[in-house]
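What follows is a set of notes on a single structure, which appears directly below.
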Amino acid sequence: CVELVREGGFDPPYNPAKVNMELKEEALQALSGVMGAYCMRCFYEKAREDGKSPGVLAKIASQCSLVYDRASELLKDAMAAGGKSLQRWMTGWRVYIDAESSYYQAQARVHAADHAKGGEPARELAHLKSAKSLLDTVYATSNSTSAKL
């Protein structure tokens, strides 16, 4: 998407100074990051539905959280480069993306606890406590925003 904008092929040619905020390069990169995070989420959900092992699910959920973190950083960069209108537009997205990152990190902890079940009770408990803390944060975030997550 961003490469297409850079390479051209538009008539009239792409001029960053004359496009809507959502077509600026930083915004396109941020939205591409959001799409990548959502793709990873779909991959995780498919693996869960297919009954993959808790260890595999923990790894995929952890990677999903990292991809959401990257999307959040891209949104932050776009907000810094885009002025007030882009900041207002992307702030809601960033809150949601950060909550999704925490949610998938919590899922990774739950799956890691399930993976440790039976042989390592202290490790299982530590993962579950971490997951609860992350989910409490997601819950608090969703209840503090104007649009419920």
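The values are calculated or read from the model by the stated rules, or taken from the named source; none is laboratory data. It should be emphasised that the depicted structure is a prediction, and the values quoted were computed from it without experimental measurement. For accessibility, only protein heavy atoms count, side chains too; no ligands or nucleic acids. Shrake-Rupley method; radii C 1.70, N 1.55, O 1.52, S 1.80 Å.
Listed by chain and number, the lysines placed with their C-alpha closer than 24 angstrom to that of residue 24 are 76, 84; residues fewer than eight positions away on the same chain are left out. Counting only protein heavy atoms and using a 1.4 Å probe, what share of the accessible area of segment 42-149 belongs to carbon plus sulfur, as a whole percent? Within segment 42-149, the accessible surface is 56 percent carbon and sulfur. Of interest is the spacing of the C-alpha centroids, which for segment 35-68 and segment 75-98 amounts to 25 Å.
Rolling a 1.4 angstrom probe over the protein heavy atoms, how many square angstrom per residue are accessible across segment 23-90? Intermediate results must be reported in sequence, preceding the final value.
On the way: 3670 Å² over 68 residues.
Dividing the accessible area of segment 23-90 by its residue count gives 54 Å².
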